[in-house]
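Let me begin by presenting the structure, written as structure tokens, before commenting on it.
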Amino acid sequence: MDHAQDARATAKLTHNRIQNDLVDMSETLSRIPAGMRYYGGREAQVRRAVEATVISIFAGWSYEEIATPTIDYYSLFEHGMGHSQAHRAFRFSDTDGRMLAIRPDVTSLVARAAATIFAERPRPLRLCYVAPVFRREPQSHAEWRRESNQIGCELIGSNNGVSDMELLAIVYEVLQRLGLNRGCSITLNDVEVFNGIAEQLKLDSAARDEMRELVDTRNTADLERFLAPYAPAEACRDFARLTQLSGKRESLNDARRLLRNARSQAGLDRLEGLWSVIESQQLSDCFEIDLGDVSRLDYYTGLTFRIYVEGAGVRIGSGGRYDGLTASFGKAEPAVGFVFELDALTELLIERAGSILAAESAPDATRVTGRDLSALFTVAREKRALGERVILDFSGVAP
Amino acid sequence: MTSLTIAVAKGRLQTEAVELLSKAGFDFSNESLSSRRLAVDDESGSYRLIFVKPADVPVYVEHGIADCGIVGRDVLLESRADLLQPLTLDIGACRIVVAARNGASLDRFGMLRVATKYPRIAAKHFGARGVAVDLITLSGSVELAPALGLSDCIIDLVETGRTLQENGLSIVEVIDESSARLVVNRASYQLKAKIVSGLIKALNETLQRNQR
């Protein structure tokens, strides 16, 4: 091998190494972290349209928009959501060493605002928001997003129980306006139904948690076995039926016969009152009683609901009453709220061809050209002043 | 049109699961079942079975691609999927155990090396006892690990115990019983309430009949 050849080979090798380094570099730059994504094209349009539609409905029910801090103290979220949820947040420390978190939840922030900056405002307070929330750990395999946009309402300081229907009516209107009210199911429960049983059986907090899990996963057989040491066999069988009590009004009647304690009965009374209003509004097709839904007992204090729509494998929204939360911010008052998952809604509506949102397309654009920039911009700005859509074409501009 | 899709774990459970479904009145032709097709419709065309690896059953059901699934409890404990488990099926009964070489003692301080296909179950089990473990995750033939010195013990699924015996291992502790479960997607449970509860009822009645 002569020198020239050798040099060429070395140069090529060096070149390849540099190329490889570049490839490595661009891999780390092009890679998107798990659970994060871009929106563009039709998806971005649909998402914006959904957001606008939902916010306009909130405004129609006199909910005032509130923007919350993206970063706040971790302890706020720990108070607001409970440790089991808050620990999923992205966390880091502030200059003074206090722990900060990127907002994993909006409700905690709204509740604090209600107790502080809105403390003097007349009640009830009606607040709504649209904001991304972030979680370092995704909630489940199916809910893989680590950044998800929540759009929701909070009704604070109004009568316990009586105002619940206001939120359900808003939820229904959202589904209706998005064309999702056929093939949807909004499931209702009152956490006091479960709490009454746990109290009656004198369960400690670990046992209560285990029972909650068995009810929540509808695991009737294991639940009956679990309850055996706490109650006579017949009572165990009755309590275990909690997992199967779902349906319309008749499920409340069944529950009344099985669950005799005062606390459960009070919960059933509230659900029955709510159900009567739902029936009077002829909305009972879309609603379902589900006494087995006890997923977030640490957070909710009365009504809880989940929103399911055909085509989505996971819930697209949820909500409930959380009378205990505002107390931890120094002003105890009743509160109820819900969120829709904006990204899940968008995904669902993209897949539904001919959804009502698809019809709104942008007006045709006028192509503006010209030989000199000054003339081009004069024309373009005139058209913009008339509200026309323009697209600038610089190809004819003299160099 | 398919109204309900059921994911069935391939392998150990598959035959028993299909048999149970047939007894419960779901009509899958032998011809389609014996083929290598991974998706099979029943005669009425309203039920579809899909056959997937056991660990993938919770994945399909949690995403709602399958409405229901039939899978071992061991897989559910490991996956921590957010699913409903309305029915215990009396098929695929086995135990999740800690096993070690015959006569070996695990009572010591320091680090215990554990080979397993179930790292989460293992972490939880030893975590609750305050034992520090080096988890060695394998994908099969776990019984070899202690004999070859890769680990001090294993956590694995045991049906008859023969494989353990033949590899010079014995059971130290039974962590849990595991039999097959019917799992249901949360959204399907609400949106297809009628057909899902029909399936649960049919399977339950068959199980009751079997017990008698």
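Would you be able to tell me the number of residues in segment B:122-158 that are hydroxyl-bearing (S, T, Y) and within 20 Å of B:R80 (Cα to Cα)? Please lay out each step first, then the result.
As a first pass, look at segment B:122-158 and keep what is hydroxyl-bearing (S, T, Y): B:137, B:139, B:141, B:151.
In the following step, the residues that additionally are within 20 Å of B:R80 (Cα to Cα) were identified as B:137, B:139.
Summing the residues that are hydroxyl-bearing (S, T, Y) and within 20 Å of B:R80 (Cα to Cα) in segment B:122-158 gives 2.
So A:R146 passes all but one of these: (1) basic (K, R); (2) buried (at least 19 other Cβ atoms within 10 Å of the Cβ); (3) within 14 Å of chain B (Cβ to nearest Cβ). Which condition number does it fail?
(3)
Somewhere in segment A:159-169, is a residue of a type in the set (D, E), touching a Ser or Thr at 6+ places or on another chain (Cβ under 6 Å) and either within 14 Å of chain B (Cβ to nearest Cβ) or closer than 18 Å to A:R321 by Cβ (or both)? Spell out the reasoning first.
Applying the first criterion (of a type in the set (D, E)) to segment A:159-169 yields A:164, A:166.
Those left that are additionally touching a Ser or Thr at 6+ places or on another chain (Cβ under 6 Å): none.
Within segment A:159-169, not a single residue is of a type in the set (D, E), touching a Ser or Thr at 6+ places or on another chain (Cβ under 6 Å) and either within 14 Å of chain B (Cβ to nearest Cβ) or closer than 18 Å to A:R321 by Cβ (or both).
Out of curiosity, is B:Y60 of a type outside the set (S, T, N, Q), touching a strand residue (DSSP E or B) at 6+ places or on another chain (Cβ under 9 Å), within 14 Å of another protein chain (Cβ to nearest Cβ) and without any contact (Cβ under 8 Å) to a residue 60 or more places away in the chain? Outline the logic, then answer.
On the way: of a type outside the set (S, T, N, Q): yes; touching a strand residue (DSSP E or B) at 6+ places or on another chain (Cβ under 9 Å): yes; within 14 Å of another protein chain (Cβ to nearest Cβ): yes; without any contact (Cβ under 8 Å) to a residue 60 or more places away in the chain: yes.
Answer is yes for this residue.
Restricting the search to segment B:171-182, which residues are polar (S, T, N, Q) and away from chain A (no Cβ under 12 Å)?
Just the residues of segment B:171-182 that are polar (S, T, N, Q), to begin with: B:178-179.
B:S178, the sole residue that qualifies.
Can you say whether B:T163 is under 30 Å from B:L21 (Cα atoms), away from every other protein chain (no Cβ under 14 Å) and not small (G, A, S), as far as the supplied structure shows?
Working: under 30 Å from B:L21 (Cα atoms): yes; away from every other protein chain (no Cβ under 14 Å): yes; not small (G, A, S): yes.
For B:T163, the condition - under 30 Å from B:L21 (Cα atoms), away from every other protein chain (no Cβ under 14 Å) and not small (G, A, S) - is met.
Do we have B:G92 as on the phi > 0 side of the Ramachandran plot, surrounded by 14 or more Cβ atoms within 10 Å (Cβ to Cβ) and within 12 Å of chain A (Cβ to nearest Cβ) here? So that I can check it myself, show each step before the final result.
Details: on the phi > 0 side of the Ramachandran plot: yes; surrounded by 14 or more Cβ atoms within 10 Å (Cβ to Cβ): yes; within 12 Å of chain A (Cβ to nearest Cβ): no.
Considered against the rule, which asks whether it is on the phi > 0 side of the Ramachandran plot, surrounded by 14 or more Cβ atoms within 10 Å (Cβ to Cβ) and within 12 Å of chain A (Cβ to nearest Cβ), B:G92 comes out as no.
Kindly check whether there is at least one residue in segment B:67-87 that is out of contact with any Leu (no Cβ under 7 Å at 6 or more places or on another chain), more than 14 Å from chain A (Cβ to nearest Cβ) and touching a residue at least 40 places away in the same chain (Cβ under 8 Å).
Checking segment B:67-87: not a single residue is out of contact with any Leu (no Cβ under 7 Å at 6 or more places or on another chain), more than 14 Å from chain A (Cβ to nearest Cβ) and touching a residue at least 40 places away in the same chain (Cβ under 8 Å).
In segment A:178-205, what count of residues is obtained for those that are away from every other protein chain (no Cβ under 14 Å) and crowded, with 17+ Cβ neighbours inside 10 Å?
Just the residues of segment A:178-205 that are away from every other protein chain (no Cβ under 14 Å), to begin with: A:178-179, A:190-205.
Adding the requirement that they be crowded, with 17+ Cβ neighbours inside 10 Å leaves A:178, A:190-198, A:200-201, A:203.
Adding up the residues that qualify gives 13.
Which of (1) modelled with pLDDT under 95; (2) closer than 20 Å to A:G320 by Cα is the odd one out, the single condition A:R145 does not satisfy?
(2)
Residue by residue, here is whether (1) more than 30 Å from A:S158 (Cβ to Cβ); (2) modelled with pLDDT under 95; (3) assigned by TED's automatic domain parsing to the domain that holds A:V174 holds:
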site	(1), (2), (3)
A:M25	yes, yes, no
A:R47	yes, yes, yes
A:A52	no, no, yes
A:G60	no, no, yes
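Yes or no: B:N204 buried (at least 20 other Cβ atoms within 10 Å of the Cβ), polar (S, T, N, Q) and within 12 Å of chain A (Cβ to nearest Cβ)? Before the answer, list the steps.
Details: buried (at least 20 other Cβ atoms within 10 Å of the Cβ): no; polar (S, T, N, Q): yes; within 12 Å of chain A (Cβ to nearest Cβ): yes.
The answer is no for B:N204.
Could you list all residues from segment A:272-283 that are surrounded by fewer than 18 Cβ atoms within 10 Å (Cβ to Cβ) and part of a helix (DSSP H, G or I)?
Scanning segment A:272-283 gives A:E272, A:G273, A:S276, A:V277, A:E279, A:S280.
All but one of (1) closer than 22 Å to A:H79 by Cα; (2) more than 12 Å from chain B (Cβ to nearest Cβ); (3) in contact with an Asp or Glu (Cβ under 9 Å, 6 or more places away or on another chain) hold for A:L291; state the number of the condition that does not hold.
Among (1) closer than 22 Å to A:H79 by Cα; (2) more than 12 Å from chain B (Cβ to nearest Cβ); (3) in contact with an Asp or Glu (Cβ under 9 Å, 6 or more places away or on another chain), the lone unmet condition for A:L291 is (1).
If you scan segment A:77-107, which residues turn out to be of a type in the set (F, W, Y) and within 22 Å of the chain's Cα centre (by Cα)?
So in segment A:77-107, the residues of a type in the set (F, W, Y) come out as A:77, A:90, A:92.
Across segment A:77-107, the qualifying residues are A:F77, A:F90.
Inside segment A:206-238, can you point out the residues that are more than 14 Å from chain B (Cβ to nearest Cβ) and surrounded by 21 or more Cβ atoms within 10 Å (Cβ to Cβ)?
If the condition is that a residue be more than 14 Å from chain B (Cβ to nearest Cβ) and surrounded by 21 or more Cβ atoms within 10 Å (Cβ to Cβ), then A:M211, A:L227 are the ones that fit.
Here's a check for you: in segment B:1-60, which residue that is of a type outside the set (A, V, I, L, M) and within 19 Å of B:L84 (Cβ to Cβ) is surrounded by the fewest Cβ atoms within 10 Å (Cβ to Cβ)?
Ranking the qualifying residues of segment B:1-60, first place goes to B:S3.
On the phi > 0 side of the Ramachandran plot, assigned to a loop (DSSP other than H, G, I, E, B) and surrounded by 12 or more Cβ atoms within 10 Å (Cβ to Cβ) - does that describe any residue in segment A:26-42?
First pass over segment A:26-42, keeping only residues on the phi > 0 side of the Ramachandran plot: A:35, A:41.
Filter again for assigned to a loop (DSSP other than H, G, I, E, B), leaving A:35.
Checking the rest, the ones that are also surrounded by 12 or more Cβ atoms within 10 Å (Cβ to Cβ) come to A:35.
Yes, there is a match, as at least one residue in segment A:26-42 is on the phi > 0 side of the Ramachandran plot, assigned to a loop (DSSP other than H, G, I, E, B) and surrounded by 12 or more Cβ atoms within 10 Å (Cβ to Cβ).
Taking the residues in segment B:183-201 that are in contact (Cβ under 8 Å) with a residue 60 or more places away in the chain and more than 10 Å from every other protein chain (Cβ to nearest Cβ) as candidates, determine which candidate is farthest from the chain's Cα centre (by Cα).
First pass over segment B:183-201, keeping only residues in contact (Cβ under 8 Å) with a residue 60 or more places away in the chain: B:183-189, B:192, B:195-196, B:199-200.
Retained after the next criterion (residues that are more than 10 Å from every other protein chain (Cβ to nearest Cβ)): B:195-196, B:199.
Details: B:I195: 24, B:V196: 21, B:L199: 20 Å.
Residue satisfying both the conditions and the ranking: B:I195.
When you look at A:T107, is it modelled with pLDDT of 90 or more, in contact with a helix residue (DSSP H, G or I) (Cβ under 7 Å, 6 or more places away or on another chain), polar (S, T, N, Q) and under 30 Å from A:R121 (Cα atoms), yes or no? Quick ask: steps written out before the conclusion?
Values: modelled with pLDDT of 90 or more: yes; in contact with a helix residue (DSSP H, G or I) (Cβ under 7 Å, 6 or more places away or on another chain): yes; polar (S, T, N, Q): yes; under 30 Å from A:R121 (Cα atoms): yes.
So A:T107 passes the test.
The values are calculated or read from the model by the stated rules, or taken from the named source; none is laboratory data. Keep in mind that this is a model prediction, so the values were computed, not measured. Ideal geometry is used to build each Cβ from the backbone, glycine not excepted, and the neighbour counts take in all protein chains shown.
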